[in-house]
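Here the structure comes first, spelled out in structure tokens, and everything after it is commentary.
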Amino acid sequence: MKGTHEYKDDPRNASILIDINGELFARDEAKVSVFDSGFVLGDGVWEGLRVHHGKIVFLEQHLDRLYGGAKALDMEMDVSAEQLTRRLYNVLEANAMQDGVHIRLMVSRGVKATPYQDPRITITPPTIVIIPEYKNALPETATRGIRLFTVHVRRGYPDVQDPKLNSHSKLNCITACIQATKAGADEALMLDPHGFVATCNSTHFFIVKKGAVWTSSGDYCLDGITRGVVIQLCEDNDIPVYQKNFSLTDVYSADEAFVTGTFAGLAPVSEIDGRVIGDGERGPVVESLQQLYLDLLENESSQ
């Protein structure tokens, strides 16, 4: 299994058009320079976007995060959020895409004069790539429960590499994913520098105890869009929700657990470090939040 990102191949993806800096290319012809900052150094930011009924849901929040990350990395974006929005919808129109689409939006610092880290030797504006694919999480992801394994790789302090940056450089998360895979799990559960639960390698983590939803303080994880949506859904529907420090001892005795992400929405967790969570089945709070999330997607896409 591949955790919450497992999907079924769609043959339509072989003929998709990909946008590179405002130009459309066939999949086999879509290329960037070997001198590009993203390739040379992982120097850039990115977003994963979901298309529902022809609309890119929560796009404003995603673009706020993208442009905020670019600002933090001192990247001079040469297109506005409005222009980038038009570019995103243009590539969807060119591919006649309406539903079941996941977009990878990637921005690197641009092409370098020579393969070296100093941003001052970048000679082009940022490279912006938009890859839309027909890609849905497998239906069973919403019900079967994934398995997590707590890894030694930590989410670090912001003065080392700020975990709030959705940067191309994800080597710590990749290392965590490898360790979890070697342990026979689907995804990695990662702790913060103090030993409290932070997040997963590619999703955000929640537990349910006595009807209340807990998630990390958020100090050592990405500012997840779906994470924030779920917290808001809890608040709007009188479900107690807490952003707080908690340890693996709290996790192992949880009644339910789940993860969130743009690709699969909400997915239950059945097992962590060999401990069965609750009865090992999707619980009532998770099922209720899944429906609230789907209802919100319908509402967002109808506006």
For the range 178-201, state whether one or more residues are closer than 26 Å to Ile128 by Cβ, buried (at least 17 other Cβ atoms within 10 Å of the Cβ) and in contact with an Asp or Glu (Cβ under 8 Å, 6 or more places away or on another chain).
-> yes
Within the range 240-290, of all residues that are touching a Ser or Thr at 6+ places or on another chain (Cβ under 6 Å), small (Gly, Ala, Ser) and part of a loop (DSSP other than H, G, I, E, B), the one surrounded by the most Cβ atoms within 10 Å (Cβ to Cβ) is Ala264
If we take the range 1-69, then strands (runs of 3 or more DSSP E) inside it with 1 or more residues that are over 18 Å from the mean Cα position of the chain (by Cα) and in the same structural domain as Arg86 (by TED's automatic domain parsing) are 17-20, 23-26
Exactly one of Cys200, Cys221 is within 20 Å of Thr4 (Cα to Cα), out of contact with any Pro (no Cβ under 8 Å at 6 or more places or on another chain) and not small (Gly, Ala, Ser), and that residue is Cys200
- Message: So, Gln161, is that one modelled with pLDDT under 95 and not assigned by TED's automatic domain parsing to the domain that holds Asp64 or not?
- Response: yes
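The values are calculated or read from the model by the stated rules, or taken from the named source; none is laboratory data. Predicted model, so just to flag it, every value in this text is computed and none were measured. Note that each Cβ is placed from the backbone with ideal geometry, even for glycine, and that neighbours are counted across all protein chains shown.
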